[in-house]
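Input: a single structure, listed below in structure tokens.
The values are calculated or read from the model by the stated rules, or taken from the named source; none is laboratory data. Not measured: the values here are computed from a predicted model. Methodologically, a virtual Cβ is constructed for each residue, glycine included, from the backbone with ideal geometry; neighbour enumeration extends over all protein chains shown.
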Amino acid sequence: MKPRYIDYSLKQYIDIKGMARGRVAEISSDVFTVLADGNLIYFVKDEQYLSPLSIVVEEPENFKVKGISINDDVTFESGRVAIGDKLEMAISDVEVINIKFEDFTGTGDECVLGRNLKVIEDCIYSNGKHEGIAPVVFEIGEYVGGYKNYLDIKIHNNLYTSLIFEKMIKFMDKMSSGEIDGIWNYSGEIVGLGPGITPSSNDFLCGLMNTLIYGGRFFGLSTPKVHRFNEELLLGLECKRDRISHYIMKSSIYGKTQKIVAEVVSGAFSLEDEEDYRSKLKALINFGDITGTDMLCGIYMGYRTLQSENFREKLV
């Protein structure tokens, strides 16, 4: 594997530490992660998936067939990264990229947003993976005002959605109505549930929190208030199933996410070229196994929540 880009914050972390050790935490076809000193570090195959603490590598093969295994030791040093005795990468001359999330501004058009929400629905239905939370997105509007989908699409429920549906109704009803005091009592009911390397409901909440930040700018919400609200969504919660998802959720509180996630959220109200936006949606769907679809579901429901004046007035 040949490194192509390294995130600025990861480069700083390695330079300051001199040496850091970690272990491989998860592996999918397009990404594997490493836990090191309380940080979750990403190795990805496409610049679109760049995030804080990540490396983009040129790798034509599926990561799963590279001989990398869960719990393999990983060493980070100035100039190199080694994965056990299997792989070594030189990083001293790799291009450094600094993702500036403040560039994802709140300028755009509400007509563009309305059209792109329909494009999101179509992409989830036509291109998404439906083992996770997707069926809920297309049914919850029958029970909670403000969430009825535009395209009148239905996806068959799976075992997971049958388990979580009532909990989601209560959570999204509180969001839409703006009755958000003690919201953690409702978000806490869905955390840790669902299939996937990271649970579907956790990925959903990540998409939702990032939308409240970047989409909230479009609606004039106070970013500090949104950060506090996101903190309350996870108040007192520890990840019920795995630590990896815990790190991702904590980062999403403040909008520290994959570049493609921020682009999809901000593009919903600013990107007028439908095919360009659709290509970004497909790129997000292809992130991880079902993680990208579940995040996109959270983005969609985040925007439908932001359309509620009752919710917005609590965070302006």
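Miscellaneous remarks
- Single residue of the range 39-75 satisfying the filter (without any contact (Cβ under 8 Å) to a residue 60 or more places away in the chain, outside any strand (DSSP E or B) and surrounded by 15 or more Cβ atoms within 10 Å (Cβ to Cβ)) that is nearest to the chain's Cα centre (by Cα): Leu53
- Of all residues making up the range 131-156, the number that are touching a residue at least 40 places away in the same chain (Cβ under 8 Å) and in a loop (DSSP other than H, G, I, E, B): 5
- Residue-level analysis places Lys170 outside the set of residues that are at pLDDT below 95 and in the same structural domain as Ser308 (by TED's automatic domain parsing).
- Filtered by the rule that a residue be assigned to a loop (DSSP other than H, G, I, E, B), buried (at least 16 other Cβ atoms within 10 Å of the Cβ) and of a type outside the set (Lys, Arg), the range 76-130 gives Gly84, Ile91, Val94, Ile99, Phe104, Gly106, Gly108, Gly128, His130.
- Scan the range 230-251 for residues that are modelled with pLDDT of 65 or more and either assigned to a helix (DSSP H, G or I) or touching a His at 6+ places or on another chain (Cβ under 6 Å) (or both) and the total you get is 13.
- Restricting Ile70, Ile6 to those that are more than 24 Å from Ala262 (Cα to Cα) and at pLDDT 90 or above reduces the list to Ile70.
- Extreme residue, farthest from Ala134 (Cα to Cα), among residues of the range 144-172 that are more than 22 Å from the chain's Cα centre (by Cα) and among the charged types (D, E, K, R): Lys170
- When the range 16-38 is limited to residues that are in contact with a helix residue (DSSP H, G or I) (Cβ under 8 Å, 6 or more places away or on another chain), of a type in the set (D, E, K, R) and over 19 Å from Arg4 (Cβ atoms), the one that is surrounded by the fewest Cβ atoms within 10 Å (Cβ to Cβ) turns out to be Asp37.
- Some residue of the range 284-294 being outside the structural domain of Leu50 (by TED's automatic domain parsing), among the β-branched types (Val, Ile, Thr), free of Cβ contacts under 8 Å to residues at least 60 places away in the same chain and not in a helix (DSSP H, G or I): no
- When residues of the range 260-313 are limited to those that are surrounded by 18 or more Cβ atoms within 10 Å (Cβ to Cβ) and acidic (Asp, Glu), the one farthest from Gly114 (Cα to Cα): Asp289
- Sole residue being among the polar types (S, T, N, Q), farther than 21 Å from Ser162 by Cα and in contact with a Gly (Cβ under 8 Å, 6 or more places away or on another chain), chosen from Asn202, Asn210: Asn210
- Whichever residue in the range 252-271 is part of a helix (DSSP H, G or I) and of a type in the set (Gly, Ala, Ser) and, among such residues, is nearest to the chain's Cα centre (by Cα): Ser252
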